[in-house]
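The values are calculated or read from the model by the stated rules, or taken from the named source; none is laboratory data. Just so it is clear, the model here is predicted, and its values are computed rather than measured. Don't worry about glycine lacking a Cβ; one is built from the backbone with ideal geometry, like all the others, and counts go over all protein chains shown.
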Amino acid sequence: MKYVLTLIGNKATPLSSTHVDAARSALPAPGAVDWLAAGMACDIPFDGDPAASEAAAREALKGARIDLSAQSNEGRRKKLLVADMDSTIIEQECIDELAAELGIKPQIAEITERAMNGEIGFEPALRERVGLLKGLPLEALEKVYRERITFMPGARELVATMRGDGHACALVSGGFTFFTERVAHAIGFNTNQANRLIFVDNKLTGGVAEPILGREAKLEALRRLRDELALKPQETLAVGDGANDLAMIEEAGLGVAYHAKPVVAEAASARIDHGDLTALLFLQGYRQEEIRIG
């Protein structure tokens, strides 16, 4: 069959036969269910319009905290992953945690939220927030990374599995190299890129090196890496949660909105609202026994 609907549960809501039967009944000419992970993920092949079929399955599962996505059965496994960092590979927004060290987290977090929702431009919002951090010592950044930053569940498995299959993984962030370098090393990414904070005497000046890397820089990173690896567009995977991730998500063969802002979730070809990052492996057709522990 040409298409496949993938259903993905999570720790709070295991995938049950009731969920599967409801989704399957909404599909035109569905095939046999193929379980990728018991109680967690399965594929249902079908023929018919994928967008309409996904919408029908969503309606059938309305109210259930189950993720699902319909896509072509061909070329599901991707050879390049480009991932956002903040609120995607890690559970925090680094700049908000830095603000907490100065007691101004609510002020900066409000600007972050508006930027990620696409309500204000990313570049001016970043300059404004970094300006408010002027004087923060280097030791505070080290403390934030050590004490406040935690990795998103499934991040290590996602990168370890894709790299274990010989594929490339890049961490591309609108945040800061201080954090991307450490996170990329800890998780196992091949490369990382982000904005560079400016220090004088080991304190933030309130400035950030230009040009600021935002939405277009993420898109260009995806295209550059794709070309360097001589890949086709459909062989790429991009994941993120904010408005500055939209261009790369729309460019990728599989663009995933991960626990994303509404503007991103509505535009992405696939969305994960409830599961962890291993969901991106199930979307590619990986089975539980193929997932590596990072």
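Worth a mention:
- Options Ile272, Ile187; residue that is buried (at least 21 other Cβ atoms within 10 Å of the Cβ) and either of a type in the set (Ser, Thr, Tyr) or under 13 Å from the mean Cα position of the chain (by Cα) (or both): Ile272
- Yes/no for Ala60 being farther than 19 Å from Leu213 by Cα and of a type in the set (A, V, I, L, M): yes
- Being at pLDDT 95 or above, surrounded by fewer than 18 Cβ atoms within 10 Å (Cβ to Cβ), part of a helix (DSSP H, G or I) and not basic (Lys, Arg) is true of Glu128.
- Pairs where the first residue, in the stretch 179-196, is assigned by TED's automatic domain parsing to the domain that holds Glu228 and the second is of a type in the set (S, T, N, Q) and part of a loop (DSSP other than H, G, I, E, B), C-beta under 9 Å, 6+ apart: Ala184/Asn190
- Screening the stretch 145-210 for strands (runs of 3 or more DSSP E) wholly inside it with 3 or more residues that are closer than 20 Å to Glu128 by Cβ and not hydrophobic (A, V, I, L, M, F, W, C) returns the ranges 168-176, 203-208.
- Top-ranked residue in the stretch 252-294 [being among the β-branched types (Val, Ile, Thr) and outside any strand (DSSP E or B); ranked as modelled with the lowest pLDDT]: Ile293
- Residue within the stretch 102-112 that is in contact with a Gly (Cβ under 9 Å, 6 or more places away or on another chain), of a type in the set (A, V, I, L, M), farther than 16 Å from Met248 by Cα and in contact (Cβ under 8 Å) with a residue 40 or more places away in the chain present: no
- Highlighted here are the strands (runs of 3 or more DSSP E) found entirely within the stretch 4-122 that include at least 2 residues which are crowded, with 22+ Cβ neighbours inside 10 Å: 41-46, 67-72, 80-83.
- Take the conditions (1) surrounded by fewer than 23 Cβ atoms within 10 Å (Cβ to Cβ); (2) part of a strand (DSSP E or B); Ala230 misses just one of them, which is (2).
- Filtered residues of the stretch 254-271 (kept if within 17 Å of Phe151 (Cα to Cα) and hydrophobic (A, V, I, L, M, F, W, C)): Ala260
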